[in-house]
Amino acid sequence: MARMIHSMIRVLDEAASLAFYETAFGLKVADRLVFDSFSLIYLSNDEQTFELELTVNHGRTKPYDLGDGYGHLAVSVADVDAEHARLTEAGLAPLAVKDMACGERFVGRFFFITDPDGYRIEVLQRGKPGRFI
């Protein structure tokens, strides 16, 4: 997976979000900063190639609107079809795989998966199947 630089996602239910990101991407809590009104939770995988910041506002009871403090999270993978099958088997219901082209040029293959707060994450394989561009 490509390294994510400060991809921030605001979450409502910390436990549900942590369970989702561990199942989907193998991310676990690497650090936690707790302030009076919010917490920052930094997640990373065992290889330290992927990091993600979750922001949990204390006392918030309603979901965030999409775009309210969200960064765009795109996860690069070597084989999008295999990743789609793995997430489907894990019960996370990714959307259908789509091919992306610019004119006649094949650019990549992707699907989206939705986290517990409704945030859409793009899982992307760049280039022709089996290789990166």
(request) Could you tell me whether ARG109 is assigned to a helix (DSSP H, G or I), at pLDDT 85 or above and not hydrophobic (A, V, I, L, M, F, W, C)? (result) no
(request) For region 82-94, enumerate the residues that are surrounded by 14 or more Cβ atoms within 10 Å (Cβ to Cβ) and more than 11 Å from ARG109 (Cβ to Cβ). (result) ARG86, LEU87, LEU92, PRO94
(request) Please specify each residue of region 5-48 satisfying the condition of being within 17 Å of SER76 (Cβ to Cβ), open to solvent by 40 Å² or more (accessible area, probe 1.4 Å) and either assigned by the TED database to the domain that holds HIS84 or of a type outside the set (Asp, Glu) (or both). (result) ILE5, HIS6, GLN48
(request) Identify the single condition in (1) surrounded by fewer than 14 Cβ atoms within 10 Å (Cβ to Cβ); (2) on the phi < 0 side of the Ramachandran plot that GLY103 does not satisfy, given that it satisfies every other one. (result) (2)
(request) Would you check if GLU47 is of a type in the set (D, E, K, R) and modelled with pLDDT of 90 or more? (result) no
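The values are calculated or read from the model by the stated rules, or taken from the named source; none is laboratory data. What you are looking at is a predicted structure, and each value in this text was computed from that prediction instead of being measured. In this analysis, Cβ positions are derived from the backbone assuming ideal geometry, glycine residues included, and neighbour counts consider all displayed protein chains. Protein only, heavy atoms only, side chains kept; ligands, DNA and RNA dropped before computing areas. Shrake-Rupley method; radii C 1.70, N 1.55, O 1.52, S 1.80 Å.
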